[in-house]
Amino acid sequence: MSDLRVRFAPSPTGYLHIGGARTALFNYLLARQQDGTFVLRIEDTDVERSTQESVDAILQAMDWLGLACDEGPFYQSDRFDVYRRKIQQLIDEGKAYRCYCTPEELEAKREAAMKEGRKPKYDGTCRNRSDQPDAPSVVRFKLPHDREETTFVDRIKGPITFRHDELDDLIIQRTDGTPTYNFVVVVDDAEMNINLVIRGDDHVNNTPRQILLYEALGYPVPEFAHVPMILGSDKKRLSKRHGATSVMAYQEMGYLPESMVNYLVRLGWSYGDEEIFSMADLIEKFSLENVGRAAGVFNPEKLLWLNSHYIKTGDLDRLAGLLQPFLEKKGIDVANGPDLKAVVKTLQERSATLVEMADGAVFYFGETVDYDEKAKTKFLKNDQRELFEILLAQLEACESFDEASLETAFAGVMESTGLKFGKIAQPLRVALTGGTASPSIYQVLEVLGKETSLGRIKRALEVLA
RNA sequence: GUCCCUAUCGUCUAGCCUGGCCCAGGACACCGCCCUUUCACGGCGGCGACGGGGGUUCGAAUCCCCCUGGGGACGCCA
């Protein structure tokens, strides 16, 4: 085991979204690759907005993607006493102080600053006061001014420098006594010995003050790697109006987890011209050095393409198992039909999602099919009566319904009717499947089986008009 | 507004560090052709980009500067 320790630290205020999943994935890949440790920490210091349902949803999504953690999940809500001690320590050392300014006062100052074109910062009103009014207070970190700027070398973006006069005294404890994000993230990452923090780009601005906090607390400063954001097609931050952003929504839409993993990793990372990566490939090949520095646009079409690839090449047994719930959701009793593996085999080349596959599979189940109206009027006409009767006789005589004997039977039909294959196949397809698009007619016959196939042809004979 | 990040086809990207092999390669999408019993798959081909301006250099997508565009942050959210 190497000493690399990384973590994923979602806040449980909703489902796991695309962006979070990618961050989690990058952490996971590096941990596995370097035989390090992947820690999962639930950032629920905002007691108001955090829910157990969200925690469960996040855990479920990570499980679906195959991102198992090595330690955790740890909950920050279990650790409030640790934070309280550390805050007291800072106060005792004169590195933090109580501030009695009200939210209203602060808001007014912010607005005024913005209006004057200044960066809205806390003005330090309470920084040096010695009285202790009997009023609600927050605790602020006293930003050290012993140097003018802080620089860190981001593993993805390179060196980044912030001048300290851009920073202000941030609140580390709220009026209600709970600690804030920028404080707990430092304490926890330090206490959990995290030495590489991989997180979203939106945190670079927090990094310098966090570094100052590490120093004030006497902790070693970890390395940072800030991964770019994911945008929607309009280059705005990805949100629900761009479509589904929840990882699990894609499972419901019939996506395979490996498609999502493959897509997510290629969004902002590349390995030459390669497009297809298994988790094992990624563990071997992933590197922060090849992660791009600019934000990327989420492209559902490419995800769909990857999904069709993985369905096309997927294991039949597994796909059958994954497909079953989608069929059941449509009210289909899979026991009343052919072997699911055989069904999948006929459909995997023509389905981009499991939902599509389920749609395409319904005709295999049940005694009869519902005819598509247009298909029926076009192909189930009275002048096809003779064709169907010959078809019926030839297929009846067909001992086994394998491709070879079916071909023989069709040759017979073509000979006695003088029709081309297409003229036979299309009406038969409608009789068998109810529609004009399906797997190859031989496959359909074979999978449906002799009894069902003949039954459906007989029924077609009854409805000819 | 201020600060930070960023910039190759519509999108994801290779190339950039170590200038010439790049009148820029791959993938998705799109278009056409082929294959074909339908729908698909597949094969072949096409469309399509170095944001702009200055430098440096014999030579720049590659190095430097400015501009512009895009994103992010500026919370008693994380």
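The figures follow:
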| quantity | calculated |
| --- | --- |
| GluC sites (Glu not before Pro) restricted to DSSP loop in the stretch A:1-91 with at most 15 other C-beta within 10 Å | A:GLU48 |
| Cα pair count fraction exceeding 15 Å, expressed as % - the stretch A:397-465 | 53 percent |
| Fraction of antiparallel bridges per DSSP, chain A only, in percent to nearest 5 | 50 percent |
| Two-decimal Rg/Rh across chain A, once Rg and the Kirkwood Rh are taken from alpha-carbon atoms | 1.18 |
| The stretch A:33-181 - share of DSSP beta bridges that are antiparallel (%, nearest 5) | 80 percent |
| Mean Cα-pair separation over length for chain A, i.e. relative contact order, pairs under 8 Å, 6 or more apart, % | 12 percent |
| Electrostatic dipole magnitude of the stretch A:327-465 [Cβ: Lys, Arg +1; Asp, Glu -1; Cα centre; debye, to 20] | 460 debye |
| Relative packing of peptides A:121-130, A:348-357 - highest average C-beta neighbours within 10 Å first | A:348-357, A:121-130 |
| Angle in degrees between helix A:316-329 and the longest Cα principal axis of chain A, rounded to the nearest 10 | 90 degrees |
| Within straight-line cross-link reach of A:LYS376, lysines at Cα separation under 21 Å, skipping those fewer than 8 residues along the same chain | A:LYS420, A:LYS423, A:LYS458 |
| Value of relative contact order over the stretch A:115-187, rounded to a whole percent, pairs C-alpha under 8 Å and six or more apart | 33 percent |
| Ellipticity estimate at 222 nm from DSSP helix runs (n ≥ 4, -39,500 (n - 2.57)) divided over chain A, nearest 500 | -14000 deg cm²/dmol |
| Reciprocal of mean inverse Cα separation for the stretch A:197-340 (Kirkwood radius, Å) | 18.2 Å |
| Orientation-averaged projected area, Cα convex hull of the stretch A:73-223 (nm²) | 10.1 nm² |
| Disulfide-incompatible cysteines by the Cβ rule (no partner under 4.7 Å) in chain A | A:CYS69, A:CYS101, A:CYS398 |
| Label-to-label distance, nm, for residues given as A:ARG318 and A:THR175 (7 Å Cα→Cβ offset) | 5.4 nm |
| 5 Å-binned pair-distance histogram of the stretch A:76-137 (Cα, whole percent) | 4, 15, 18, 18, 18, 15, 9, 3, 0 |
| Approximate spin-label separation A:GLU407-A:ASP281, in nm, with each point projected 7 Å along Cα-to-Cβ | 3.4 nm |
| Mean projected area (nm²) of the alpha-carbon convex hull when the stretch A:277-376 is viewed from all directions | 9.2 nm² |
| The stretch A:382-459, relative contact order [Cα under 8 Å, separation at least 6], % | 35 percent |
| Partner aspartates and glutamates for A:LYS95 [C-alpha distance under 14 Å; skip if fewer than 8 residues away on the same chain] | A:ASP146, A:ASP168, A:ASP169, A:GLU215 |
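Just so you know, all these numbers are worked out from the coordinates, no wet-lab data involved. What you see is a predicted model, and the numbers here were worked out from it, not measured in a lab. FYI the Cβ positions are ideal-geometry reconstructions off the backbone, even for glycines, and counts take in every protein chain you see.
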